[in-house]
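Quick notes on the structure that follows.
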Amino acid sequence: MLQHKKILLGVTGSIAAYKAALLVRLFVKAGAEVKVIMTDDAQDFITPLTLATLSKHPVQSNFVADYASGVWSNHVDLGLWADYFIIAPATGNTIAKMAHGQSDNLLTATYLSARCPVFVAPAMDLDMWAHPSTQANIATLTSYGNTIIDVEEGELASGLEGKGRMAEPEHIVAFLSNFEKKNIKSARFAGKKVLISAGPTREAIDPVRFISNHSTGRMGIELAEAFLQQGAQVTLVKGPTTLTADSAIQEVNVSSAQDMFEAVSSHFPTSDITIMAAAVGDYTPVETSATKIKKKDGNLTIELERTKDILKTISASKKGHQLLVGFALETNNELENAQRKLASKNLDLIVLNSLNDKGAGFKHNTNKVTLIDKHNNITNFELKSKEEVAYDILDAIHEMVD
Ligand SMILES: Cc1cc2nc3c(=O)[nH]c(=O)nc-3n(C[C@H](O)[C@H](O)[C@H](O)COP(=O)(O)O)c2cc1C
């Protein structure tokens with residue numbers, strides 16, 4: 001959910017500041033860009049070097065970064081840069097300053113100028129937390145529209161037991177992801193119905209054997225989750241795979257190519273954007289044995305017949321407003337084959353990946369794709385994570401539906 005989000009993390013002088021390192025790592029891992037502001041006191045608990053290394057950005061603490069050259073940290077720019085400002089851990093002191101508009105350090109001045117949503121994850125001893133002044137300050141921050149990520153209960157650094165621990169970094173990341181999810185209504189695919197197929201199919205030979213392929217379904221699942229994040233209503237027709245998608249996605253689980261054909265055909269008429277990312281078997285046994293085929297001397301021949309061509313079938317009934325995207329996994333004459341598929345199946349866009357590219361196609365968490373649209377515009381992308389590839393595909397689709 002936090003892919004490409006710009007997160008400004010404010011770290012203050014609490015013993016929980018050491019957890020900021022894990023928080024930065026988790027945000028970066030979730031695909032966010034992170035910049036860190038530290039108060040002077042925070043630097044007694046964790047070094048700026050640690051957070052700068054993990055965030056891949058210099059940590060900022062003072063208004064003036066270099067007196068000799070006059071370089072200063074612009075709190076207004078920092079506040080405008082951020083999609084989210086999170087103060088974690090937030091001391092009683094910083095919370096009090098924020099509640100009263102004090103801006104005597106870079107963190108609190110940035111807070112006053114930030115236009116983005118602000119999240120506060122307090123951390124303090126239980127009596128500090130319970131103190132009426134702290135509770136009044138928290139209520140004031142809430143009344144200003146800030147979101148408090150509630151403290152957790154447990155053993156505190158003082159040795160006391162109770163409420164006051166900063167929420168665990170994993171919980172803070174989950175909190176933000178959920179917030180992002182709720183905000184998706186304003187996103188660019190809001191109101192669009194998206195149908196995606198993913199994963200392999202299984203063609204049964206007998207009750208214990210089948211013909212399948214190496215598809216994991218990851219690319220289709222990443223696409224489904226990216227569309228969900230961008231506000232779409234997503235239906236995912238998924239072949240057998242152990243990977244799971246976000247529970248807000250409507251999943252239709254299928255097994256054979258025929259099952260996938262039926263599920264896709266039934267959802268296609270109401271879909272605005274359809275992406276066929278599944279690796280559908282082209283052939284299926286003419287006969288499926290009802291009982292396990294016994295081993296015998298000599299060879300066994302299984303006669304195969306063509307499965308239904310899902311893309312071709314649905315493209316024949318495609319309406320003007322519908323956008324249809326196919327995938328082509330090729331091993332030779334890649335571009336030519338993909339262009340032929342684009343034209344013959346009347347697609348708006350085709351995503352080509354070649355098994356000749358290292359790290360592309362099946363089994364990898366990465367992919368290297370070329371997008372070809374119906375006007376034969378060709379865009380080559382670098383090897384990226386499948387999540388990033390999904391966003392590139394969404395960008396291309398957004399340009400077409402906009
Ligand atoms: C070892 C130690 C641990 C501290 N832990 C906390 C804490 O968890 N929460 C808190 O509000 N203050 C804590 N303090 C007090 C703050 O560091 C102090 O109020 C400081 O002025 C906060 O400055 P800042 O808000 O500008 O970072 C601690 C102080 C020390 C010496």
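Some observations on this one:
- Extension gain, Leu80 to His4, is 25.8 nm, computed as 0.36 nm per intervening residue step minus the present C-alpha separation.
- For Lys384, the lysines whose Cα falls under 22 Å of its own Cα, not counting residues fewer than eight places away in the same chain, are Lys5, Lys6, Lys29, Lys56, Lys358, Lys363, Lys368.
- Ranked list, fewest to most other Cβ atoms within 10 Å of each Cβ, for Arg306, Arg165, Arg202, Arg340: Arg306, Arg340, Arg202, Arg165
- In terms of its C-alpha gyration tensor, region 6-183 comes out rounded, because the ratio a/c of the largest to the smallest axis stays below 1.5.
- Whole-number percent relative contact order across the chain, with pairs defined as alpha carbons under 8 Å at least 6 apart: 11
- Each residue of region 3-20 was assigned a 3J(HN,Hα) from its phi angle through the Karplus expression (A = 6.51, B = -1.76, C = 1.60, θ = phi - 60°), giving 3, 6, 7, 9, 10, 9, 10, x, 10, 10, x, 10, 4, 6, 4, 4, 6, 4 Hz with x at Gly and Pro.
- Greater than 18 Å apart at Cα, pairs in Lys312/Lys374; Lys312/Lys341; Lys193/Lys308: Lys193/Lys308
- Gain on full stretching of the segment that runs from Thr142 to Asn253 - 0.36 nm per residue minus C-alpha separation: 35.7 nm
- Applying Stokes-Einstein at 20 °C and 1.002 mPa s to the Kirkwood radius of the chain, computed over alpha-carbon pairs, gives a translational diffusion coefficient of 89 µm² s⁻¹.
- Scattering curve values for region 160-243, log₁₀ I(q)/I(0), Debye with Cα scatterers, q = 0.14, 0.17 Å⁻¹: -0.67, -0.80
- Applying 0.36 nm per residue to the separation of Asp127 and His171 and subtracting their alpha-carbon distance, the gain on full extension is 13.5 nm.
- Rough spin-label spacing in nm, given labels placed 7 Å along Cα→Cβ, for Glu382 and Ala187: 2.5
- Per-residue Cβ neighbour rank within 10 angstrom, fewest leading, Glu180, Glu336: Glu336, Glu180
- Neighbour-count ranking [beta-carbon atoms within 10 angstrom, fewest first] of Tyr391, Tyr67: Tyr67, Tyr391
- Modelled FRET efficiency - R0 51 Å, Arg115 with Lys319, Cβ distances, 0.05 increments: 0.80
- If you take the Cα centroid of region 201-230 and the Cα centroid of region 258-292, the two points sit 11 Å apart.
- Distance between region 84-107 and region 302-362 - C-alpha centres, whole angstrom: 54
- Sites Phe179 and His375 - FRET efficiency at Förster radius 41 Å, r taken between beta-carbons, to 0.05: 0.60
- In order along region 76-88, the phi-based Karplus estimate (6.51 cos²θ - 1.76 cosθ + 1.60, θ = phi - 60°) of 3J(HN,Hα) comes to 5, 4, 4, x, 7, 5, 6, 7, 9, 10, 10, 9, 8 Hz; Gly and Pro are listed as x.
A short reminder: the numbers here are calculations on the coordinates, not readings from a lab. Here the structure is a predicted model, which means the values were calculated and not measured. Please note: Cβ atoms are built from the backbone with ideal geometry, for glycine as well, and neighbour counts cover all protein chains shown.
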